Amino acid sequence: MGFLWALIVGGLIGWIASLIIGKDVPGGVIGNIIAGFIGSMIGQAIFGSMGPEIGGFAVIPAILGAVILIFIVSLILRAVRK
């Protein structure tokens, strides 16, 4: 049950980050989950574990990390398409 909860929260974090950036994550729901998980690792490495924790994710750093990740991925995809 914990793994399922982590997938749901990771997907929501990736989705919220894509709304903040204004760009869709490539890969749809799976991309949102991956962005949530990787963004959580990035955010907790940079900002620590501040704020509330849901499903094993510190929410504020996870969203900030996912925003950073989506921004970097969008820059890379834009450079590849040119």
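Of the candidates Ala35, Ala45, Ala17, which one comes out as most mobile in a Gaussian network treatment of the chain with C-alpha springs shorter than 10 Å?
Result: Ala45 has the largest fluctuation of those listed.
Between rounded, prolate and oblate, where does the range 37-82 land on the alpha carbon gyration tensor, with a ≥ b ≥ c its root eigenvalues, rounded for a/c under 1.5, else prolate if a/b exceeds b/c?
Prolate, since a/c reaches 1.5 and a/b exceeds b/c.
Describe numerically, in nm with one decimal, the distance between label points set 7 Å from Cα along Cα→Cβ at Val80 and at Leu19.
Distance between the two pseudo-spin positions: 2.7 nm.
With axes computed from alpha carbons, what is the tilt in degrees of helix 59-81 against the longest principal axis of the chain, rounded to the nearest 10 within 0 to 90?
20 degrees
Using a 1.4 angstrom probe, figure out how much accessible area the range 1-61 has per residue, in square angstrom, rounded to the nearest whole.
Result: 59 Å² per residue.
The values are calculated or read from the model by the stated rules, or taken from the named source; none is laboratory data. Predicted, not measured: the structure shown is a model, and the values here were computed from it. Every residue, glycine as well, gets a Cβ built from its backbone with ideal geometry; the counts of neighbours run over all protein chains shown. The area values use the complete protein model at the heavy-atom level, side chains included, leaving out ligands, DNA and RNA. Shrake-Rupley method; radii C 1.70, N 1.55, O 1.52, S 1.80 Å.
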